[in-house]
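Engineer: Provided herewith is a single structure, encoded as structure tokens, for subsequent inquiry.
The values are calculated or read from the model by the stated rules, or taken from the named source; none is laboratory data. Since this is a predicted model, take the numbers as computed values, not measurements. Note that we place each Cβ from the backbone using ideal geometry, even for glycine, and neighbour counts take in every protein chain shown.
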Amino acid sequence: MSHENASLVSDILTKVNDYTWEVPGNFKPGMNVPGRIFVSKPLLDILEAETIDQVANVASLPGIQKYSMAMPDAHLGYGFPIGGVAAFDKHTGVISPGGVGFDINCGVRMIRSDLSEADVRPKLAELLDALFDAIPSGVGSKSRIRVNDKELDDIFIHGVRWAVDNGYGVEADISHCESNGTMPGANPSSVSVKARKRGRPQIGTLGSGNHFLEVQYVDKVYDEDAARVFGLKEGQVTFMIHCGSRGAGHQICTDHLQVLSQASKKYRIDLPDKQLACAPAESEEAQDYFKAMVCAANYAWVNRQVIMHWAREVFDNFFQAEHGELGLDLVYDVAHNVAKLEKHIIDGNEREVYVHRKGATRAFPAGHPEVPEDYRAIGQPVIIPGSMGTASYVLKGSPAAMELTFGSACHGAGRVMSRKSAKHELRGEEIQKKLKSQGIIVKATQPSLIAEEAPEVYKSSSDVVDVVHNLGIATKVARVLPMGVVKG
Amino acid sequence: MSSVPIKDFEYLDHTADAKFRAYGKSLAEAFENAALAMLNVMVDTGSVNTISSIEVELSSPDTESLLFDWLSEILFVFEVEEMVFGRVRVNELIVGDDECSLQATLFGEAIDLSVHVFDTEVKAATYNDMKIENVDGGWMLQATVDT
């Protein structure tokens, strides 16, 4: 990034501490609160000036509380920045589909095992082939499951509970999903016929873009107590699934964005960017969107659950193990594109707010009632995937997150290079070869898909996670390194 | 006032997503080129046989909504009909005071992964930094799609 950009960015922002930079409330007209960007100086120097503009734009929405925030992996989005967190008062605030994004409840889950790196490494290529065959991925991928409209309604309403009741997974999986894999308040009649058409054939598909299934091993444990409780230890094999609500979620956002775009005019909300379309939180339009968003969120949890189930089957068959023998337990599943009604302390009083996390992970501390019982003494696992070929991290949520970020942390490494430039400058086959020389196997439907998600395209996941750790909003528990990736 | 360039569309740099400008002598032609700009993010439209077609009819409150609906509709048809498109024709585009409408034909064929090399999947159209401008001798449309 140019020197010119770096000076431009630091001219606008006021330093609060080494990891917190403020966008002054008078930076743009109409801002209701200041902005807060949580980055280190080196990450600040590669932040696009337009991202600051987007943080300021969000600050102008009605009923926003405390600050318009951007996590350490923040980068340019459309409307909201990616890595954006904003909380709006339940009564005087708004709900905005742009603060959630098109891939509603895009998220990530991590599964542990009793296998060691040495058990898997010699057979890794064959294992990845088997996973690639079992889990549909890529543009237009279709599932082995076809659900009818009644089943789709059940998925929208019951989320992971539907999957477990239908044989995809075990009871213990449910409590290890954020919100138990089922947000309350779904209303399937808020979902259009179009969204249903797209949703029916796609349960259990990875999709494309930055979505993946990765086989990994725990390379380093930072926090022995927390790692033990999460079932993690050095040298052990884990796998991770990153995907969302597929076409159903995209269509639900598209449909309601159009409605809310008209509603913004009706309620006379001044929008600095039309993609910030929103309506008063209690209005019919906003509630209708929210109930449909919940359907998509629940769909996404089912999607990741079914993919995990098939991956477990592949592992069991491959290692000729009985069901349960390999200890393939779900560590946790987090959403990173979602809006939720949560209770937070604001100015000393407990208030209900709609927290929008657009590319940000919930990071609740020890003792919070929404942290699963078996983890409650430790805190919620915060799973931060790295880019392809780089480290991923498991952290635990901490009380500082409740004070600073409405209980939120980053969601990944954050892009620095556009997909277009990536494909222009990098060749998929060469990246594949380079990763192979590091012992990492990548399987993808198209080589160009490897280029646009190459490690060079992202900020360093370690730098981003260090900011989260040093701020204290979530602290490091373990680092995992990739062995093989199935790309969407 | 700038004039309409000779090219049909061009891509602008955007970190996460695909952003483009599409041009046309008429608004209908600019809408056709916007569709091609988005489709080419996903697949080389030159590799598509335009042997079958699908009709699209849309109406929206204003031109920006119409552009959003138009791009969204193409993504919907692509996914549910499992068809890829190489050519589009906007047969009629009417701009009224409280309603805009278009009628168009998408030409293409069934997706065949052995023939069609898919690139970045476009998730959705967005309103981000959308522009519809009357430039000297025609129209310029700017849009960002979520990838």
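Engineer: Specify the residue that is nearest to the chain's Cα centre (by Cα); the eligible residues are those in region A:268-284 that are crowded, with 23+ Cβ neighbours inside 10 Å and hydrophobic (A, V, I, L, M, F, W, C).
Structural biologist: Ranking the qualifying residues of region A:268-284, first place goes to A:Leu276.
Engineer: Can you pull out every residue in region A:39-82 that is within 19 Å of the chain's Cα centre (by Cα) and farther than 25 Å from A:Ser462 by Cβ?
Structural biologist: A:Ser68, A:Tyr78, A:Gly79, A:Phe80
Engineer: If you scan region A:86-103, which residues turn out to be of a type in the set (Val, Ile, Thr) and touching a strand residue (DSSP E or B) at 6+ places or on another chain (Cβ under 6 Å)? Explain how you work it out, then say what you get.
Structural biologist: Within region A:86-103, the subset of a type in the set (Val, Ile, Thr) is A:92, A:94-95, A:100.
Residues satisfying the conditions are A:Val94, A:Ile95, A:Val100.
Engineer: How about region A:194-226: which of its residues are part of a strand (DSSP E or B), buried (at least 21 other Cβ atoms within 10 Å of the Cβ) and out of contact with any helix residue (DSSP H, G or I) (no Cβ under 9 Å at 6 or more places or on another chain)?
Structural biologist: The answer is A:Phe212, A:Glu214, A:Gln216.
Engineer: Moving on. Output the qualifying pairs, or none if there are none: Cβ atoms under 9 angstrom, residues six or more apart or on different chains, first residue in region A:323-348 and surrounded by 17 or more Cβ atoms within 10 Å (Cβ to Cβ), second residue in a strand (DSSP E or B) and among the aromatic types (Phe, Trp, Tyr).
Structural biologist: That search, which allows pairs on different chains as well, returns A:Leu328/A:Phe239; A:Ala339/A:Phe88; A:Ala339/A:Tyr354; A:Lys340/A:Tyr354; A:Glu342/A:Tyr354.
Engineer: Here's another thing I want to ask about it. Can you tell me which residues in region A:161-191 are part of a helix (DSSP H, G or I) and free of Cβ contacts under 8 Å to residues at least 12 places away in the same chain?
Structural biologist: Of region A:161-191, the ones part of a helix (DSSP H, G or I) are A:161-165, A:171-175, A:178-181, A:188-190.
Result: A:Asp165, A:Glu171, A:Ser189.
Engineer: Answer yes if at least one residue in region A:59-79 is within 12 Å of chain B (Cβ to nearest Cβ) and without any contact (Cβ under 8 Å) to a residue 40 or more places away in the chain, and no otherwise. Working first, answer last.
Structural biologist: Taking region A:59-79 as the starting set, the residues that turn out to be within 12 Å of chain B (Cβ to nearest Cβ) are A:73-79.
Now narrow it down to the ones that are without any contact (Cβ under 8 Å) to a residue 40 or more places away in the chain: A:76.
Within region A:59-79 (the criterion being within 12 Å of chain B (Cβ to nearest Cβ) and without any contact (Cβ under 8 Å) to a residue 40 or more places away in the chain), the answer is yes, since at least one residue qualifies.
Residue-wise test of (1) over 20 Å from the mean Cα position of the chain (by Cα); (2) in a loop (DSSP other than H, G, I, E, B); (3) among the acidic types (Asp, Glu).
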{"position": "A:Ala286", "(1), (2), (3)": "yes, no, no"}
{"position": "A:Ala292", "(1), (2), (3)": "no, no, no"}
{"position": "A:Glu313", "(1), (2), (3)": "yes, no, yes"}
{"position": "A:Ala321", "(1), (2), (3)": "yes, yes, no"}
{"position": "A:Glu350", "(1), (2), (3)": "yes, no, yes"}
{"position": "A:Arg357", "(1), (2), (3)": "no, no, no"}
{"position": "A:Gly386", "(1), (2), (3)": "no, yes, no"}
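Engineer: Is it the case that region A:296-311 has a residue that's crowded, with 21+ Cβ neighbours inside 10 Å, touching a Leu at 6+ places or on another chain (Cβ under 8 Å) and among the β-branched types (Val, Ile, Thr)?
Structural biologist: yes
Per-residue answers, yes or no, for (1) in contact with a Phe, Trp or Tyr (Cβ under 7 Å, 6 or more places away or on another chain); (2) within 13 Å of chain A (Cβ to nearest Cβ); (3) over 25 Å from A:Arg246 (Cβ atoms):
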site: B:Val77; (1), (2), (3): no, yes, no
site: B:Val80; (1), (2), (3): no, yes, no
site: B:Leu93; (1), (2), (3): yes, no, yes
site: B:Glu99; (1), (2), (3): no, yes, yes
site: B:Leu113; (1), (2), (3): no, yes, no
site: B:Glu121; (1), (2), (3): no, yes, no
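Engineer: Could you please find all residues in region B:52-75 being more than 24 Å from B:Gly96 (Cβ to Cβ) and within 11 Å of chain A (Cβ to nearest Cβ)?
Structural biologist: Of the residues in region B:52-75, the ones more than 24 Å from B:Gly96 (Cβ to Cβ) are B:52-54, B:75.
Listed by number, the list holds a single entry, B:Leu75.
Engineer: Provide a single number: the residues in region A:266-284 that are of a type outside the set (S, T, N, Q), assigned to a helix (DSSP H, G or I) and at pLDDT below 95. Break it down into steps so the answer makes sense when it comes.
Structural biologist: Let us first name the residues in region A:266-284 that are of a type outside the set (S, T, N, Q), namely A:266-274, A:276-282, A:284.
Narrowing the set further to residues that are assigned to a helix (DSSP H, G or I) leaves A:266, A:274, A:276, A:284.
The next check asks that each one be at pLDDT below 95; those that pass are A:274.
Number satisfying all stated conditions: 1.
Engineer: Would you check which residues across region B:16-57 are in a strand (DSSP E or B) and either among the hydroxyl-bearing types (Ser, Thr, Tyr) or free of Cβ contacts under 8 Å to residues at least 12 places away in the same chain (or both) and list them? Quick ask: steps written out before the conclusion?
Structural biologist: The first filter runs over region B:16-57 and keeps only residues in a strand (DSSP E or B), leaving B:18-24, B:43, B:52-57.
Selection gives B:Tyr23, B:Ser52, B:Ser53.
Engineer: Given the criterion away from every other protein chain (no Cβ under 14 Å), surrounded by fewer than 19 Cβ atoms within 10 Å (Cβ to Cβ) and in contact (Cβ under 8 Å) with a residue 12 or more places away in the chain, identify the matching residue among A:Ala366, A:Ala409, A:Ala391.
Structural biologist: Values: A:Ala409 fails: surrounded by fewer than 19 Cβ atoms within 10 Å (Cβ to Cβ); A:Ala391 fails: surrounded by fewer than 19 Cβ atoms within 10 Å (Cβ to Cβ).
From the options A:Ala366, A:Ala409, A:Ala391, the qualifying one is A:Ala366.
Engineer: Test of understanding: among A:Gly93, A:Gly84, which residue is in contact with a Gly (Cβ under 9 Å, 6 or more places away or on another chain) and over 11 Å from A:Gly35 (Cα atoms)?
Structural biologist: On the way: A:Gly84 fails: over 11 Å from A:Gly35 (Cα atoms).
Just one listed residue meets the conditions, A:Gly93.
Engineer: From the set of residues in region A:420-449 that are facing chain B (nearest Cβ under 9 Å), part of a helix (DSSP H, G or I) and touching a helix residue (DSSP H, G or I) at 6+ places or on another chain (Cβ under 8 Å), which is farthest from A:Val467 (Cα to Cα)? Break it down stepwise before answering.
Structural biologist: Of the residues in region A:420-449, the ones facing chain B (nearest Cβ under 9 Å) are A:420-421, A:423, A:445-446, A:448-449.
Cutting the leftovers down to part of a helix (DSSP H, G or I) gives us A:420-421, A:423, A:448-449.
Those still in the list that are touching a helix residue (DSSP H, G or I) at 6+ places or on another chain (Cβ under 8 Å) too: A:423, A:448-449.
Values: A:Lys423: 29, A:Ser448: 31, A:Leu449: 29 Å.
Looking at the filtered set, the residue picked out is A:Ser448.
Engineer: So which residues in region B:58-87 are of a type outside the set (A, V, I, L, M, F, W, C) and part of a helix (DSSP H, G or I), if there are any at all? Reasoning before the result, please.
Structural biologist: Taking region B:58-87 as the starting set, the residues that turn out to be of a type outside the set (A, V, I, L, M, F, W, C) are B:59-65, B:69, B:72-73, B:79, B:81-82, B:86-87.
Result: B:Thr63, B:Glu64, B:Ser65, B:Asp69, B:Ser72, B:Glu73, B:Glu79, B:Glu81.
Engineer: Listed residues A:Gln287, A:Gln305, A:Gln320, A:Gln275; which is farther than 21 Å from A:Gly244 by Cα, touching a strand residue (DSSP E or B) at 6+ places or on another chain (Cβ under 9 Å) and among the polar types (S, T, N, Q)?
Structural biologist: Numbers: A:Gln305 fails: farther than 21 Å from A:Gly244 by Cα; A:Gln320 fails: touching a strand residue (DSSP E or B) at 6+ places or on another chain (Cβ under 9 Å); A:Gln275 fails: farther than 21 Å from A:Gly244 by Cα.
Exactly one residue qualifies, and that residue is A:Gln287.
Engineer: Listed residues A:Ala400, A:Ala444; which is within 18 Å of A:Asn210 (Cβ to Cβ) and modelled with pLDDT of 80 or more? Show your work before the answer.
Structural biologist: Numbers: A:Ala400 fails: within 18 Å of A:Asn210 (Cβ to Cβ).
Just one listed residue meets the conditions, A:Ala444.
Engineer: Mind telling me which of the residues B:Glu55, B:Glu121, B:Glu82 ends up being at pLDDT 95 or above and either of a type outside the set (S, T, N, Q) or at negative phi (or both)? Step through it out loud before you land on a result.
Structural biologist: Numbers: B:Glu121 fails: at pLDDT 95 or above; B:Glu82 fails: at pLDDT 95 or above.
Exactly one of B:Glu55, B:Glu121, B:Glu82 is at pLDDT 95 or above and either of a type outside the set (S, T, N, Q) or at negative phi (or both), namely B:Glu55.
Engineer: Run down A:Ser261, A:Ser245, A:Ser208, A:Ser283 and say which single residue is among the small types (Gly, Ala, Ser), without any contact (Cβ under 8 Å) to a residue 40 or more places away in the chain and within 14 Å of chain B (Cβ to nearest Cβ). Walk me through how you get there before you give the answer.
Structural biologist: Values: A:Ser245 fails: without any contact (Cβ under 8 Å) to a residue 40 or more places away in the chain; A:Ser208 fails: without any contact (Cβ under 8 Å) to a residue 40 or more places away in the chain; A:Ser283 fails: within 14 Å of chain B (Cβ to nearest Cβ).
When all the criteria are applied, what remains is A:Ser261.
Engineer: So which residues in region B:122-143 are part of a strand (DSSP E or B), more than 12 Å from B:Phe20 (Cβ to Cβ), touching a helix residue (DSSP H, G or I) at 6+ places or on another chain (Cβ under 9 Å) and not polar (S, T, N, Q)? Talk me through it step by step, then tell me what you get.
Structural biologist: Within region B:122-143, the subset part of a strand (DSSP E or B) is B:124-125, B:131-136, B:138-143.
With the extra rule that they be more than 12 Å from B:Phe20 (Cβ to Cβ), the set shrinks to B:124, B:132-136, B:138-139.
Narrowing the set further to residues that are touching a helix residue (DSSP H, G or I) at 6+ places or on another chain (Cβ under 9 Å) leaves B:124, B:132, B:134, B:138-139.
B:Ala124, B:Ile132, B:Gly138, B:Trp139 - these are the residues of region B:122-143 that are part of a strand (DSSP E or B), more than 12 Å from B:Phe20 (Cβ to Cβ), touching a helix residue (DSSP H, G or I) at 6+ places or on another chain (Cβ under 9 Å) and not polar (S, T, N, Q).
Engineer: For A:Thr20, indicate whether it is within 23 Å of A:Ser461 (Cα to Cα), hydroxyl-bearing (Ser, Thr, Tyr) and in contact (Cβ under 8 Å) with a residue 24 or more places away in the chain.
Structural biologist: Criteria met by A:Thr20.
Engineer: Condition test on B:Val77, is it among the hydrophobic types (A, V, I, L, M, F, W, C) and either at pLDDT below 95 or surrounded by fewer than 21 Cβ atoms within 10 Å (Cβ to Cβ) (or both)?
Structural biologist: Numbers: among the hydrophobic types (A, V, I, L, M, F, W, C): yes; either at pLDDT below 95 or surrounded by fewer than 21 Cβ atoms within 10 Å (Cβ to Cβ) (or both): yes.
In short, yes.
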